[in-house]
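One structure is given below, encoded as structure tokens.
The values are calculated or read from the model by the stated rules, or taken from the named source; none is laboratory data. In this text, all values refer to a predicted model and were calculated from it rather than measured experimentally. Glycine gets a Cβ as well: all are built from the backbone with ideal geometry, and neighbour counts include every protein chain shown.
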């Protein structure tokens, strides 16, 4: 079991990582919330079927309610958000109530935003069940999607704690494992070369990852994110570096239709593109072919999905949260561990996107 401590502005909270971490949740609630009136568990259809009864039994709390939402990005809609708020009101949750987010990154984003806005904010705890959520469960970004952009409606709202029980990861399908591991790769590339080299050497197959290895790379990833969030909670500066690969990745997700391609798989394509641009614009000595082949070996597709218009992707990128005055701003690398944000001209970006599409990625 690993225990990390995240500092974000005035808020400090623990992250417990390991097999059986969720078994500490009940005592944490009893110790920190002695006047707790009720608990609302927000989970999704997939996780609910697999683990909800076991989770409720481990909690063994009275006045516990459950709201089951659709799996994946379908949970992050205005309609589902409204349903969750209505359910909380119907069950008479008050300011001494607490929300438990039990699921992947999408459930965490939704549940956190419900908690942030219900009665102007009630506490919530993240219990992530995917690898992807090692990134989204920490740092306090909570949001829902809009048809015109991913995560455009939301808030910065920190959880009270994160209980990351790795036993819940054992049932993840291959696409979800790839989705989550892409964020681990991102953390390595923006932080330091030693982490990146270790990751490439250590992970050769995503189909069978030992618990010790998973604990180690998830802990390393969370430490990277925690260090950045500590410097910049509300993304006015260096926190933007965590969006490496996301500008194009989010555009691909939105243009393909949320759920058509997983978040991390879209980000992997975005990272390949961002690395290619980084190498063109900086004297960045990086073996992109080797990186591309490693991704393919792990099961990633590294070229743009069929049928996506580069003009439409550019339009989507101009709606990115980092954009200012309709100017696309990309996170690029000067070298591994040295990211920066740069404004890229529309004509240049369109030219590079066309080439990326025409060449089938970097092949």
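Please determine, by comparing only the residues of region 326-363 that are buried (at least 16 other Cβ atoms within 10 Å of the Cβ), at negative phi and in a loop (DSSP other than H, G, I, E, B), which one is nearest to the chain's Cα centre (by Cα). Going through the qualifying residues, I end up with 336. Taken over region 9-36, residues that are part of a loop (DSSP other than H, G, I, E, B) and in contact with a strand residue (DSSP E or B) (Cβ under 9 Å, 6 or more places away or on another chain) amount to 4.
Do we have residue 114 as modelled with pLDDT of 95 or more, surrounded by 20 or more Cβ atoms within 10 Å (Cβ to Cβ), in the same structural domain as residue 155 (by TED's automatic domain parsing) and over 19 Å from residue 33 (Cβ atoms) here? Walk me through how you get there before you give the answer.
Details: modelled with pLDDT of 95 or more: yes; surrounded by 20 or more Cβ atoms within 10 Å (Cβ to Cβ): yes; in the same structural domain as residue 155 (by TED's automatic domain parsing): yes; over 19 Å from residue 33 (Cβ atoms): no.
Answer is no for this residue.
Taking region 185-228 as the range and being surrounded by fewer than 16 Cβ atoms within 10 Å (Cβ to Cβ) and in contact (Cβ under 8 Å) with a residue 40 or more places away in the chain as the test, the residues that pass are 193, 200, 204, 205, 211. For residue 304, are the conditions met, namely being more than 22 Å from the chain's Cα centre (by Cα) and crowded, with 18+ Cβ neighbours inside 10 Å? No: the conditions fail for residue 304.
For beta carbons closer than 7 Å, sequence separation of 6+ or different chains, a first residue in region 133-145 that is in the same structural domain as residue 75 (by TED's automatic domain parsing) and free of Cβ contacts under 8 Å to residues at least 40 places away in the same chain and a second that is surrounded by fewer than 23 Cβ atoms within 10 Å (Cβ to Cβ) and in a helix (DSSP H, G or I), the qualifying pairs are 142/116.
Among the residues of region 229-262, those that are free of Cβ contacts under 8 Å to residues at least 60 places away in the same chain, more than 14 Å from the chain's Cα centre (by Cα) and assigned to a helix (DSSP H, G or I) comprise 231, 238, 256.
Looking at region 316-325, can you tell me whether even one residue there is in the same structural domain as residue 224 (by TED's automatic domain parsing), surrounded by 14 or more Cβ atoms within 10 Å (Cβ to Cβ) and assigned to a helix (DSSP H, G or I)? Before you say what the answer is, go through the steps one by one.
Narrowing region 316-325 to residues in the same structural domain as residue 224 (by TED's automatic domain parsing): 316-325.
Within this subset, residues satisfying the condition of being surrounded by 14 or more Cβ atoms within 10 Å (Cβ to Cβ) are 316-323.
Retained after the next criterion (residues that are assigned to a helix (DSSP H, G or I)): 316-317.
The answer is yes; a qualifying residue exists.
Going residue by residue through region 259-270, is there one that turns out to be surrounded by fewer than 23 Cβ atoms within 10 Å (Cβ to Cβ) and closer than 13 Å to residue 189 by Cβ? No, the conditions are met nowhere in region 259-270. Of everything listed in (1) on the phi > 0 side of the Ramachandran plot; (2) in contact with a helix residue (DSSP H, G or I) (Cβ under 7 Å, 6 or more places away or on another chain), the single unmet condition for residue 140 is (2). Residue pairs whose Cβ atoms lie under 6 Å apart, separated by 6 or more positions or on different chains, with the first residue in region 300-312 and touching a residue at least 12 places away in the same chain (Cβ under 8 Å) and the second in a loop (DSSP other than H, G, I, E, B) and surrounded by 15 or more Cβ atoms within 10 Å (Cβ to Cβ), are 302/361; 303/361.
Could you identify the single residue in 259, 270, 249, 264 that is out of contact with any strand residue (DSSP E or B) (no Cβ under 7 Å at 6 or more places or on another chain) and at positive phi?
Working: 270 fails: at positive phi; 249 fails: at positive phi; 264 fails: at positive phi.
Answer to the selection: 259.
Filtered by the rule that a residue be free of Cβ contacts under 8 Å to residues at least 40 places away in the same chain and either touching a helix residue (DSSP H, G or I) at 6+ places or on another chain (Cβ under 7 Å) or surrounded by 15 or more Cβ atoms within 10 Å (Cβ to Cβ) (or both), region 24-44 gives a lone residue, 26. Per the conditions (1) on the phi > 0 side of the Ramachandran plot; (2) modelled with pLDDT of 95 or more; (3) in contact with a helix residue (DSSP H, G or I) (Cβ under 9 Å, 6 or more places away or on another chain), the sole criterion not satisfied by residue 120 is (3).
In this structure, residue 289 does not satisfy being touching a helix residue (DSSP H, G or I) at 6+ places or on another chain (Cβ under 9 Å), outside the structural domain of residue 145 (by TED's automatic domain parsing) and modelled with pLDDT of 95 or more.
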